[in-house]
Structure formats: C-alpha cells, structure tokens
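Notes follow the structure.
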Amino acid sequence: MNLLDWLFARQSSIKPGLERIQSLLELLDHPQSSFQTVLVGGTNGKGSTSATLETILRENGIQTGLFTSPHLTRFAERFKVSGQEIPDSEVIQALKDLKPLAEKTEASFFEIITALACVLFKARGVQVAVMEVGMGGRFDSTNALDPVLSIIASIGLDHMQFLGDTHAKIAFEKAGIMRPQRPTLTGATGEGLEVLRQQALIRGSGLHVLEEDLQFSGLANGWEGISVTVQTPFGTAQTQSSLMGSYQMRNTALAVSAALALGHKVPERLQVQWPGRMEQIHWNGKDIVLDGAHNPEGAQALVAALQALGIEKMPVVFGAAADKDLSGVTETLQQIASEVILTRAVLSPRAADPESLKTYISVPVQVAATPQEALDLLPEGRSLVAGSLYLIGEVRPHLLGEALEDRERWQ
C-alpha cells in the first residue's frame with residue numbers, strides 16, 4: 001500500500017476530540033508555532049473567504065500558507081504556499097516522515113493532513129497560514145492551532161449528524177474557534193448569530209458582525225466579478241474581486257475586514273482563484289457553470305446569484321451526498337432548472353443514488369450513471385453542474401482534459 005492509499009484508508013473514521021492532533025503536533029515539536037494562524041470556519045463561504053484573505057495577505061508581501069478541504073482533483077491542492085501548490089514529491093516526503101507518528105497517536109485522516117500542513121508550512125517559511133476549518137470547530141483538528149484571528153463565515157444546517165440539528169447547536173460547535181482577547185469576525189445571522197454573541201462573551205473574544213460594525217456595500221459586475229466597499233473599526237477599503245456571484249460579496253467583505261483587522265492594506269483588484277464556485281468553463285460548444293452548492297443555504301445563494309445575472313432557466317446536473325438535505329437543495333435549484341439530470345460522483349461512497357432523487361424533482365428529469373454521461377446529455381448553451389464538491393471534482397478535470405485521482409473520497 002502506497003502512502004496516499006494508507007492515508008485515504010483512514011477517511012471513514014471520524015473521531016471527535018483534540019487529544020490526538022495535540023499529541024501529534026507535540027511529537028512534531030509544534031510546527032504550528034513557527035507561523036501566525038487565521039482560522040476560517042462556517043457552513044458556507046469559508047473556502048472563498050479563506051482564498052480571498054490569503055490573496056490579500058500575499059499581495060502585502062507576506063509568505064502565506066493556505067490549507068483547504070476537500071480537494072477537487074489533486075491531493076496537493078490542499079496545501080498552497082504563496083498561491084502555489086506544494087509539489088507532490090515534497091508532500092509525499094513529509095507524509096512519509098509523519099506516518100510513524102500518526103500511527104503512534106492513532107490520528108485520523110483530517111488530523112494527519114492538518115499536521116502535514118503545519119509541517120509543510122514551517123519548512124517553507126510561511127509567516128501567516130489561513131486554515132480552513134474542516135467540520136464544526138470545537139473538535140476540528142485545526143482548532144489545535146492558536147489563531148490570532150478567527151472567522152465564522154455563516155451558520156447553516158449541514159453535518160447535522162455530528163454538529164446538531166439546529167442553527168443554535170451548530171453555532172455552538174463553530175464558536176469553538178474563538179479565542180480570548182482575539183477578534184472573531186462573522187457573517188452569521190439569526191439564531192446562529194445570537195449563540196455566537198453569547199459564546200463570544202463567555203470566551204472573551206471581541207465579535208465583529210457583518211452589517212453591524214462591519215458595514216459593506218457591493219455590486220455584481222456580471223461575469224466579470226464583484227466590487228465591494230467595506231467600512232470597519234479597523235479601517236476602510238474598496239476592491240474588485242474576480243469571484244463571481246452576488247453571494248461572494250459577504251465572503252469578500254469578511255476577508256477584507258479580516259485583513260484590515262490584521263493591519264494590512266487591501267489592493268484595488270483581487271485575482272482570487274477558487275475553482276468550482278460559480279466557475280464557468282467552455283466545453284464542446286457548451287458553457288458549464290460549476291458550483292459546490294450542497295445544502296439549502298448554498299443553493300439559495302447560488303440561485304439568487306444566477307438570477308441576478310439574468311438567468312431564468314437552464315439545464316441542471318445535480319448529485320450530492322446521501323446525508324445532505326436533498327429535498328431542500330433540489331427544491332431550490334428547480335427554481336432555475338429547465339430540466340434536471342441526476343447523477344453521482346463515482347469515487348464518493350457517500351453519494352446518493354440518483355434514482356432515489358427523482359421523487360424530489362418536478363421538472364423534466366433524466367438519470368445519468370456517471371458525471372461524464374450527464375455532461376454529454378446537456379444541450380449547447382449554458383448549463384449548471386451543482387451539488388457535492390466531489391461531483392464538481394470529477395466534472396472539472398473532464399472539462400479541462402486533466403487527470404483525476406482514482407481514489408475513493410470521503411473527506
């Protein structure tokens with residue numbers, strides 16, 4: 001068994017708690033202490049917020065690290081230094097060195113890759129690492145790090161079997177990344193925000209909230225991106241981002257506010273690379289929009305963004321994990337669907353059987369056994385592929401003519 005097979009075999013085991021990751025980092029002589037950390041949690045938007053903040057920090061001349069999950073196509077996508085993926089050979093060597101310690105501590109898949117990110121970032125001389133939280137916050141392995149600033153992008157209903165079945169319960173888990181005397185920024189609203197307020201008081205973290213002390217306005221520039229103006233206690237800024245979709249205004253405003261809170265300038269233009277989120281790819285005479293909207297809140301944001309771009313109806317390819325709120329997502333996506341083609345990510349054991357999804361669909365529906373077959377069924381013009389990031393991760397390399405890792409995906 002090669003190293004990646006050994007690592008990926010540990011995906012199906014999710015064990016709450018910080019004891020193993022703390023022990024692993026101690027055995028590694030605390031590589032995370034060599035750089036500053038920003039933790040970015042939340043239900044939706046944390047990846048885009050992380051990518052935008054890293055871009056701003058890099059534009060300020062900082063040697064940045066960016067840790068995100070899941071990867072779309074290649075394992076090494078999870079580890080970037082100053083905007084570039086760390087070469088496979090470097091990742092594999094570090095993983096080889098880490099393996100005996102991981103086995104000694106019985107670390108899980110996500111605990112191992114969190115520690116791996118810390119080792120890689122230390123070796124590369126990273127100054128500030130933007131670390132996307134995997135799931136929740138309180139027991140997520142990234143919470144073994146000590147952030148100078150925390151971001152909770154949003155609170156929605158996802159991973160309910162682990163985090164709880166209400167916004168309040170999920171907010172409590174995500175509040176675990178707050179730190180005393182360190183700022184926390186959030187775009188949460190409603191019941192989730194009220195829990196974050198309570199936890200910020202208990203934990204002694206200063207909470208800064210979008211549309212309260214973090215004021216912003218934005219403009220969607222069609223398929224060219226967005227413009228955002230932000231006014232905060234830390235300063236003001238105006239920028240244009242290459243990210244598309246009106247929902248990216250909140251994520252961008254959070255990232256800009258975080259950069260200002262850390263004392264950095266914000267460039268007038270941001271070229272943010274965040275594949276698979278409102279990403280349009282031209283393929284065989286078709287314009288395919290990719291978006292990893294896999295829960296109701298994400299689907300609502302996506303539909304609103306597409307409608308703001310003047311799209312009324314379009315064919316939709318959809319597939320998602322069986323443990324998601326599939327009726328809630330499909331109900332929303334049908335608002336813009338002229339037809340739905342149901343499929344599944346072939347490499348994801350968590351994927352829902354597309355036949356089982358037909359009961360949720362009230363527009364014309366087809367079923368395709370694979371994502372590639374689904375793409376072939378699409379007519380010319382613009383179409384949408386939405387749902388699981390694992391689905392997006394199988395579609396995207398097919399559209400771009402790239403190789404795909406042939407390995408089952410759980411996390």
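Worth pointing out:
- Inspection of segment 229-236 identifies at least one residue that is at pLDDT 95 or above, buried (at least 24 other Cβ atoms within 10 Å of the Cβ), outside the structural domain of residue 311 (by TED's automatic domain parsing) and more than 25 Å from residue 79 (Cα to Cα).
- Segment 39-88, residues that are among the polar types (S, T, N, Q) and within 18 Å of residue 113 (Cα to Cα): 50, 64, 68, 69, 73, 84
- Across segment 304-317, not a single residue is classified as surrounded by 16 or more Cβ atoms within 10 Å (Cβ to Cβ) and either basic (Lys, Arg) or in contact with a Cys (Cβ under 9 Å, 6 or more places away or on another chain) (or both).
- Qualifying residue in segment 239-260 (condition: crowded, with 17+ Cβ neighbours inside 10 Å, basic (Lys, Arg), in contact with a strand residue (DSSP E or B) (Cβ under 7 Å, 6 or more places away or on another chain) and not in a loop (DSSP other than H, G, I, E, B)): yes
- Residue list for segment 339-375, filter: of a type in the set (D, E, K, R) and touching a helix residue (DSSP H, G or I) at 6+ places or on another chain (Cβ under 8 Å): 344, 350
- In segment 184-219, the residues that are surrounded by fewer than 16 Cβ atoms within 10 Å (Cβ to Cβ), under 24 Å from the mean Cα position of the chain (by Cα) and of a type in the set (A, V, I, L, M): 219
- Some residue of segment 239-246 being touching a residue at least 12 places away in the same chain (Cβ under 8 Å), in the same structural domain as residue 138 (by TED's automatic domain parsing) and within 20 Å of residue 39 (Cα to Cα): no
- Test: residue in segment 286-302 that is among the aliphatic types (A, V, I, L, M), in the same structural domain as residue 388 (by TED's automatic domain parsing) and over 15 Å from the mean Cα position of the chain (by Cα): yes
- Of all residues in segment 109-134 being at pLDDT 95 or above and in a loop (DSSP other than H, G, I, E, B), the one that is nearest to residue 13 (Cα to Cα): 133
- Flag if residue 325 is assigned by TED's automatic domain parsing to the domain that holds residue 296, surrounded by fewer than 21 Cβ atoms within 10 Å (Cβ to Cβ) and at pLDDT below 90: yes
- Residue match in segment 104-111 (condition: surrounded by 24 or more Cβ atoms within 10 Å (Cβ to Cβ) and of a type in the set (S, T, N, Q)): no
- Scan segment 349-373 for residues that are outside any helix (DSSP H, G or I), of a type outside the set (A, V, I, L, M) and surrounded by 13 or more Cβ atoms within 10 Å (Cβ to Cβ) and the total you get is 4.
- For segment 293-319, a residue qualifies if it is closer than 20 Å to residue 370 by Cα and modelled with pLDDT under 90, and the qualifying residues are 293, 294.
- Residue check for residue 201: out of contact with any Asp or Glu (no Cβ under 6 Å at 6 or more places or on another chain) and over 30 Å from residue 322 (Cα atoms): yes
- Selected residue (only one of 331, 279, 339, 312 is acidic (Asp, Glu) and either part of a helix (DSSP H, G or I) or on the phi > 0 side of the Ramachandran plot (or both)): 331
- Unique match (being surrounded by fewer than 18 Cβ atoms within 10 Å (Cβ to Cβ), in contact with a strand residue (DSSP E or B) (Cβ under 6 Å, 6 or more places away or on another chain) and either on the phi < 0 side of the Ramachandran plot or not charged (D, E, K, R) (or both)) among 89, 82: 82
This table checks each residue for (1) in the same structural domain as residue 55 (by TED's automatic domain parsing); (2) in contact with a strand residue (DSSP E or B) (Cβ under 7 Å, 6 or more places away or on another chain); (3) crowded, with 21+ Cβ neighbours inside 10 Å; (4) not hydroxyl-bearing (Ser, Thr, Tyr).
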residue	(1), (2), (3), (4)
113	yes, no, yes, yes
126	yes, yes, yes, yes
138	yes, no, no, yes
148	yes, yes, no, yes
181	yes, no, no, yes
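Conditions tested, residue by residue: (1) closer than 23 Å to residue 47 by Cβ; (2) among the small types (Gly, Ala, Ser).
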residue	(1), (2)
204	no, yes
211	yes, no
215	no, no
228	yes, no
240	yes, no
245	yes, yes
272	yes, no
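- Test for residue 395: is it crowded, with 18+ Cβ neighbours inside 10 Å, in a helix (DSSP H, G or I), at pLDDT 95 or above and not charged (D, E, K, R): yes
- Considering segment 377-392, the residues that are hydroxyl-bearing (Ser, Thr, Tyr) and outside any helix (DSSP H, G or I) include one that is farthest from residue 301 (Cα to Cα), namely 383.
The values are calculated or read from the model by the stated rules, or taken from the named source; none is laboratory data. Just so you know, these numbers come straight off a predicted model, no measurement behind them. Here Cβ is always computed from backbone atoms with ideal geometry, including for glycine, and neighbour counts include all displayed protein chains.
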